[in-house]
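The values are calculated or read from the model by the stated rules, or taken from the named source; none is laboratory data. This structure is a prediction, so every number in the text was calculated from the model and none was measured. Here the Cβ positions follow ideal geometry from the backbone for every residue, glycine too, while neighbour counts run over all protein chains shown. For accessibility, only protein heavy atoms count, side chains too; no ligands or nucleic acids. Shrake-Rupley method; radii C 1.70, N 1.55, O 1.52, S 1.80 Å.
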Amino acid sequence: MKKGELSHLARSGAVLSVRVTPKAARNQVEERDGQLRVSVTTVPEDGKATKAVIKLLAQALGIAKSRLVLTQGATSRDKVFRVD
């Protein structure tokens, strides 16, 4: 996905539900049926996959990583982010 392709979702206060697939073949962000799906090649240990998701999602939204706040799902595949 290109940088800023999901910029329409990046309004302040927006809540994003994300389904994460760690250890995927490639890094990608896709919007399917109104839900965001993020695949990362990183392994899910010590928060590495979550950091990779934040980086990839921020790039797709066209915002800084610091504007994304993880509100639920630190150790789950289903995560909820808030855009500040």
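Before moving on, here are some points about what is shown:
- Test set (1) small (G, A, S); (2) outside any loop (DSSP other than H, G, I, E, B); (3) touching a strand residue (DSSP E or B) at 6+ places or on another chain (Cβ under 8 Å) - A52 fails condition number: (3)
- The set of residues in the stretch 64-81 that are within 11 Å of the chain's Cα centre (by Cα) and assigned to a helix (DSSP H, G or I) contains only K65.
- Look at (1) open to solvent by less than 60 Å² (accessible area, probe 1.4 Å); (2) in contact (Cβ under 8 Å) with a residue 40 or more places away in the chain; (3) over 12 Å from the mean Cα position of the chain (by Cα) and you find that T42 fails only one, number (2).
For (1) open to solvent by less than 70 Å² (accessible area, probe 1.4 Å); (2) without any contact (Cβ under 8 Å) to a residue 40 or more places away in the chain, each residue gets a yes or a no:
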| position | (1), (2) |
| --- | --- |
| E5 | no, no |
| S12 | no, no |
| T21 | yes, no |
| A24 | yes, yes |
| Q28 | yes, yes |
| V38 | yes, yes |
| T50 | yes, yes |
| A58 | yes, yes |
| L61 | yes, no |
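- Filtering the stretch 64-76 to residues that are in contact with a Leu (Cβ under 9 Å, 6 or more places away or on another chain) and either within 13 Å of V18 (Cα to Cα) or open to solvent by less than 40 Å² (accessible area, probe 1.4 Å) (or both) leaves only L68.
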